[in-house]
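To start, the structure under review is shown below, and the notes come after it.
Bear in mind these aren't lab numbers, they're just calculated from the coordinates by the rules spelled out. Since the model is a prediction, treat every value here as computed from it, not as a measurement. All Cβ positions, even for glycine, are placed from backbone atoms using ideal geometry, and neighbour counts span all protein chains on display.
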Amino acid sequence: MKEKEYYPIVAEYFNGKGYKTFIEFQPFPNLGIRVDILAIKGDEIVSIEVKRRSLREGLKQLYWRLKFSDYVYLALPKGYAERIKRKFHQYHSSFGIGLLSIDGDKIEVVYSSKKSPLLSKKLKNILLERLTYEVH
């Protein structure tokens, strides 16, 4: 499957948990940042990056999401998630990055995300205000 084919599966998982999801969302259009899936519930923001194989690229992208998201996840196909699971533990411990495993249309939480240690309340509030204005 192509990376984008996983987006609806991951979005549906978060929808089922009561989040409103946005696929390929630009939280700050002037910066050119695009989040594969942005999930919002109340004032909680979750950013999810989906990758087929590139752990390094996914982590690089997630690092910036930590600044405006309460929680961040990397979503990978099950086989790849299983292979990198042990190595991934260091990113989970250091930055609270969560890991999701995608198996067909099912999502398994390998590591639950922890609250972002780099969260900027100012950036988060700017994004929440924008979402409130644009979505409603």
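Neighbours of Y71, meaning other residues whose beta-carbon lies under 12 angstrom from its beta-carbon, give a summed charge of +4 when Lys and Arg score +1 and Asp and Glu score -1. Convex hull volume of the Cα atoms of the range 21-81, normalised per residue: 84 Å³. Computed over the alpha-carbon pairs of the chain, the distance histogram in 10 Å steps reads 12, 48, 33, 6, 0 percent, short to long. About its Cα centre, the chain has a charge dipole of approximately 560 debye under the convention of +1 per Lys or Arg Cβ and -1 per Asp or Glu Cβ, with nothing else charged.
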